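The values are calculated or read from the model by the stated rules, or taken from the named source; none is laboratory data. Fair warning: this is a prediction, and the values are worked out from it, not measured in the lab. Reconstructed Cβ throughout: ideal geometry from the backbone, glycine too, with neighbour counts over all protein chains shown.
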């Protein structure tokens, strides 16, 4: 069991992320992903809200924490590609992201 003991980076499979989103049912409110990585949980949550005929920007606010600055940039790119946006409060520790339905608004 030496995996994970050195604080390495891991990738959560999309099927697992989708399962977690289905379980937590993020219809509205604040979402925190303390290990946000590339932002898959945020994209999946916004898709869940859209699939239930609601506007993600009006229903949810997402907050992510990531220690690797490059991964935060990847997360922001992932959000932008999916028509979401994000802003960073402190690139090395915490990033705050807010969802929008428009792909034209990227930070």
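Quick look at the numbers
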| item | result |
| --- | --- |
| Matching residues, segment 64-90, being at pLDDT 80 or above, surrounded by fewer than 18 Cβ atoms within 10 Å (Cβ to Cβ) and assigned to a strand (DSSP E or B) | 65 |
| Looking only at segment 14-27, and only at residues there that are in a loop (DSSP other than H, G, I, E, B) and modelled with pLDDT of 90 or more, the one that is farthest from residue 68 (Cα to Cα) | 25 |
| Leading residue by the ranking (surrounded by the fewest Cβ atoms within 10 Å (Cβ to Cβ)) among those in segment 28-57 that are in a loop (DSSP other than H, G, I, E, B) and more than 15 Å from the chain's Cα centre (by Cα) | 53 |
